[in-house]
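First up is the structure itself, then whatever we jot down about it.
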Amino acid sequence: MNINWNIDFYLSAIVILTIISFYHFFTPKYKNLQNTLFGALVLLCLLLCVVDVSNALMYKYCPQNWFLLKCGYTTYFLTQHILPPLYCVYLIVACRGNNGTFKGKDYILLIPAAITAGINLTSGFTGLIFRYSVQEGYSRGPGWGFLIIVGVGYLLGGCILVLIKRKSLSRTYVYIAPMYLILNILFVVIQSLVPGVQLIGASGALCCLLMQLGMQNPRMLKEAIQSAEDAKKQAEEASKAKSNFLANMSHEIRTPMNAICGMSELLSQMDLEPLELDYVNTIQTASKNLLEIINMILDVSKVDAGRMELVPVEYSLAELLDETTQIIASRAAEKSIEYLVDINPRIPIGLYGDNLKIKQILINILNNAVKFTEKGEVLLRVDYAEQEDGRIQLIFKVKDTGIGIKPEDIDKLFTQFSQVNAKRNRRMEGTGLGLALARSYSQLMEGDITVKSVYGKGSSFTITLLQSTQEQPENAAQQNSAGKVYVLCNETYYKKQLKKGLTDCKKEHEWMGQLNQIPADCKEEDMLLYSYEEYNKEVVDINLPLKKTAFMNFYTMVDYQDEETTYIRKPLDYYHLRALFDGEAKRVHKEMSKEQEIDFTGVKAAVVDDSRVNLRIAKAFLDKLNVEAVTFESGYEIIEKITEGERYDIIFMDHMMPELDGVEAAKQIRGMRNGYGEQVPIIVLTANAVSGADQEYLAQGMNGCLFKPLVREELKKELAKWTVKGEEVE
């Protein structure tokens, strides 16, 4: 077989590839990464054929031009060994669908290709792949076999991936994908056995032709794209229908829930017998749990519809953790398990982000940890990592000594409406929504939730979130307040945490075995920090010139209380200890005190609602606050009264009413040319808890928004904010 036949064969391949190139680049088609990669494959194969023919002609007619031949062979080998990884990437993207991507960790797969490219580019000097001289001509180098192995590895890997994904791919893909590997191996064998024959470039042309006829067939692509678009449209319509259904159901359920929650709260304030009060408290607890489930279902609909948005604000990490602790510590105390908090003292305290969703994530994860832990402890560790863009990555680790999770069940944790091992955990209440929502929230904040667990021994959840930082206050950890701390505590769980907390606060401290070991010459700025449950009887009669601080379990009742003693509740995390030493008693210990009364006497409020039950509840709440409440069953009624000259200090307006809804009624009041309508505060009452609804009402002329079921404290805050005689509450 002579060189002329070889050139003719290659010229045919060049013609085929040229036609495919023109067809690919000059006909309209759906633009995606898969089509772009196919175009690159065609152009590389065309380049390979042209270079191969050029090398053959130069080798025959210009063997003395060693520089051009070295450049030609370098280009040939470089192009030849870029094709397999490029084809592998093409198959990876094809397996991921019409809008498949290749990014992130995928680029690790290209490391061998980068190494072979480096070897090829330097082979003209090193001779690793080929050698050429005018005297000896062309010969292969010792590294040629390595490049063949890498190339075959890429082609084989792509084919294996197609076989794994064959159920989601067209049969044509499954049949044609291995052809690149089969034809290349076949042509390499022929070229090795028959001297003077060059077929590698031509094999690429044949493969591209098969791909064009099968994998890149316009009709197939059009059908696949149309099918994908139809499926996407159906999924969007289904998601929208589900979201609308859930939102409507939420609205419908909240209306009777308003009656249940409102009436039970009114009953709880009456002079009831202990058993009757217990019944009412049970109703309140059950209704709050039901309302929490409704809220979670509504949040699921927002996530599925892509309408869940972050509401970033400036917040204090210390306050966020304190609010979380108040909820979780009480639940842990009910089960007699220890709740511990370990905080990195260097973490920025002033942050910017959606603190409400962060708190919900923590409560969901911590609540699960408490729920599935019967004895031992639940530990929350808070850390951070600085990012290159100036933000920080918050890292929360929740570790428990609970029942653990089987390895095969971990993937089910974040599935909506699903519980892991429901038969085993049937006495554990739950909808299976909490963890799914927590992960959705964390991913919105460019983070994630990961799980490690040992079945029967416990689990560890790691939550990562990206947050921006505010201008930080002076680092309290650097303010080493005077005085020494003497510690009396033998509790196993808290000894280690107390030692770490005191060290983080940079406080000089000494561990006491007994009360009488405290030196008599201690100073007034010194402090005795002791476990109330262990030493309260002994400390009563102590007569030493130092401050006394008792820490106690969540539900411990104080038998005695004096002005010299500060009482704080567990867990004793860094922020609580730091606040204690800095004298910020309000943050450290919130005393049970009588609710601050606000005098609303003389305030006149109008309540508009088409539900008589809702009117009764709102009026009862307002009566309790000494507000003169006037009720109306329609927007027309209050408009008529205002037109006649009646005036109210504030109007509470239901959103959805027949004939004239709340928004339209508010617009008519605002449109009155008497000055009053423009100024009177109008607060919308609504069961529409869809994200952004409150902002929409404000944009339509409302002054505030209260969601049903009504909460007396929220009603009180709105009154305090908008009425002249009310005082603003925190």
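Across the stretch 80-151, the relative contact order, built from alpha-carbon pairs under 8 Å that are at least six residues apart, equals 26 percent. Using every pair of separate Cα atoms, the Kirkwood estimate puts the hydrodynamic radius of the stretch 304-355 at 13.4 angstrom. Surface analysis of the stretch 38-162 yields an accessible area of 47 Å² per residue, using protein heavy atoms and a 1.4 Å probe. Apolar share of the accessible surface for the stretch 1-130: 73 percent from carbon plus sulfur atoms, 1.4 Å probe.
Taking the Cα centre of the stretch 631-670 as origin and assigning +1 to Lys and Arg Cβ atoms and -1 to Asp and Glu Cβ atoms, the resulting dipole is close to 220 debye. For the pairs Lys167/Lys406; Lys288/Lys708; Lys406/Lys457; Lys624/Lys716; Lys399/Lys496, flag any whose C-alpha to C-alpha distance is greater than 19 Å. Over 19 Å Cα-Cα: Lys167/Lys406. Taking label points 7 Å from Cα along the Cα-to-Cβ direction, Glu564 and Glu237 give a separation of 7.9 nm. Give Lys359/Lys499; Lys375/Lys495; Lys375/Lys452; Lys335/Lys537; Lys357/Lys500; Lys506/Lys547 a once-over and call out the pairs whose C-alpha atoms are over 22 Å from each other. Table pairs above 22 Å Cα-Cα are Lys359/Lys499; Lys335/Lys537; Lys357/Lys500. Would you mind classifying the stretch 621-674 by shape? Square roots of the alpha carbon gyration tensor eigenvalues, ordered a ≥ b ≥ c; an a/c under 1.5 is rounded, otherwise it is prolate if a/b is larger than b/c and oblate if not. Oblate is the answer for the stretch 621-674, as a/c is 1.5 or above yet b/c matches or exceeds a/b. Pairs of Lys residues in the stretch 1-143 that lie 8 or more places apart, or on two chains, and have C-alpha atoms under 25 angstrom apart add up to 4.
The values are calculated or read from the model by the stated rules, or taken from the named source; none is laboratory data. Worth saying up front: this structure is predicted, and the values here are computed from it rather than measured. Virtual Cβ from ideal backbone geometry, glycine too; neighbours counted across all protein chains shown. Remember, those area values only see protein heavy atoms, side chains included, never the ligands or the DNA or RNA. Shrake-Rupley method; radii C 1.70, N 1.55, O 1.52, S 1.80 Å.
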